[in-house]
Ligand SMILES: Cc1ncc(COP(=O)(O)O)c(C=O)c1O
C-alpha cells in the first residue's frame, strides 16, 4: 500500500510544485467527508479549520455534490455578458438576507477578487483612492487586496500604492491603549484617525475591515467599534467595506457578523463560506452606490463573473444553512467549544487567551501568562502533535503575539466531534509541555 511517506509523491511534489506559503503538511489526503479528511495511511483526521476556513457544510455534502453534478452537465459557464437564473436567484436571496439596503450583488470567484472589486467601486464612487485597513488584516493576494493586507506578505514585492494606510486593530488581550486596566479602543481609534488625517492628501476612499480579524489572530472588534468606525468613515466621505469572508453565512452565530452591532457597511464582501469550500464570492452594495458606479463606467469584467454553476452552489448553501438551522447551531456548538477551550485554559498555563464568536474561536499560546511572552515553538509543536493524533489545526504566528490557533469547524460538526477535537488538543498539549 502506498502511504503518506510515498517517496515518489514527495519527489514529484518537490520537483513540480511552487511553494506558495511555507511548508506542506506531511500527509497525502486521499478523501474528505463530513468533518474529517482521510490520509494515505488510512487515518481519519478531524478538520478543525473547515479546509481553508470555508467548508461550513463539511466536506462532500451530498446536496452540494448533486447541484455540481447537475450544473456541470446542464448549465456550467457562460459568456460573461449573459445571465442565467441561478445568478439572479442568488442575488435575490442575498438581498433578502443581508442587512440594510445591500440589494445589489456582483458574483465572483475568490475573496481577494471580491475585495478588489469592492475597492474599485469605493474609488469610483468617492473619487478618492486612499485605502485604510487594520495592521493585522488579511484581504487577499491580488494587488489591491494585498496592499490592504498587513498581517503578512508585504516584504519583497515593491511599493504598495500611495495612500495605503494601516491603523491598529483593537486587541483586548494586548491593548495598546488602556483605561482602568482594560482596552480603551475609543482613544485608540481617535488617535489612529488623527494619524490618518495627517497622512491623507484628502483622497480617502475606503476602510476595509474584517469584523473578526482571523489571520490577525482572531481579534474581534468590540461592541460599538464598528459603529464608531462607520462614523469616522462618514465624516471623511469614505466608504466602509466589510470583508466577511470567514464570518459571513452563519459562522459567528449570526448570518452576518455585522448584525451584532446593527451596522450596515456600504459594501459587504463574502467568499469562502458562501460556496462552502467551492470558489464563489460576492460583493454587495446599495442601489445608490451601484447606480453611481454604473454611471461612471464601473468595470469588473472577469472570466467567471456571473457563472451559473457556482451561483447554484451558493443558492443551495444558503438553503441548507437556513433549512437546517445552522446559524443557531453555530452559536450553540460554538458556546460548547468555547467552554471546553476555557476548561483547557484552566488546566494549561500556556493558554493565555480564548476568544471569538460562535464557531470562530482563537486560542493564544504564551510562554508565561503574566508576561504574555509568545511561545512560537510550542505552537508549532502542538500543531504537529495534533496532526499526528488526528486533528488538523491552523496556527498563525504574528510579531508581538503568541501563536493563535484559529478553530473554525464546519457548522455541521456534531457535539461529539467538537469534544473529540478538544480532547485531542488536550493530549497534544500534555505531550508537548
Ligand atoms: C478575511 C479574508 N478576506 C479575504 C481573503 C482572501 O480570500 P481568497 O484567498 O479566496 O482570495 C481571506 C483568505 O484567507 C480572508 O481570510
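Each value in this text was obtained by applying a stated rule to the coordinates, not by laboratory testing. All values derive from a computational prediction rather than experimental measurement. With ideal geometry, Cβ positions are generated from the backbone for all residues, glycine too; neighbour counts draw on all protein chains shown.
Results, tabulated for the structure shown:
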| read-out | value |
| --- | --- |
| Residues 71, 16 arranged by fewest to most Cβ contacts within 10 Å | 16, 71 |
| Rounded if a/c under 1.5, otherwise prolate or oblate - region 222-297, Cα gyration tensor axes | oblate |
| GNM top mover of 195, 274, 360 - the chain, alpha-carbon springs below 10 Å | 195 |
| In nm, spacing of pseudo-spin labels at residue 332 and residue 201 (7 Å Cα→C-beta vector) | 5.5 |
| Reciprocal mean inverse distance between Cα atoms of region 127-235 - Kirkwood radius, Å | 14.4 |
| Cα gyration tensor category, rounded, prolate or oblate, for region 75-323 with a/c compared to 1.5 | prolate |
| The chain: calculated mean residue ellipticity at 222 nm from DSSP helix runs of at least 4, using -39500 (n - 2.57) | -12000 deg cm²/dmol |
| Order of 129, 10 - criterion: other Cβ atoms within 10 Å of each residue's Cβ, fewest first | 10, 129 |
| Region 278-375, Rg to Rh (Cα coordinates; Rh as Kirkwood inverse mean 1/r) | 1.21 |
| Highest-fluctuation residue, 116, 244, 332 considered, GNM on the chain with Cα pairs under 10 Å | 332 |
| Fewest-first sequence of 288, 103 by Cβ atoms within 10 Å of each Cβ | 288, 103 |
| Modelled FRET efficiency - R0 41 Å, residue 23 with residue 416, Cβ distances, 0.05 increments | 0.85 |
| Per-pair calculated FRET efficiency, R0 = 22 Å: residue 97 and residue 294 via Cβ, rounded to 0.05 | 0.40 |
| Calculated FRET efficiency for the pair residue 430/residue 33, C-beta based, R₀ 30 Å, to 0.05 | 0.55 |
| Selected from 325, 400, 253 as most flexible by GNM, with the chain as the system and alpha-carbon contacts under 10 Å | 400 |
| Tensor-based shape of the chain (alpha-carbon gyration tensor, a/c under 1.5 rounded, otherwise prolate or oblate) | oblate |
| Cut-off 17 Å, label 7 Å out along Cα→Cβ of residue 182, residues of region 208-222 by amide N | 220-222 |
| Simple spin-label estimate for residue 141 and residue 8 in nanometres, 7 Å along Cα-Cβ | 2.9 |
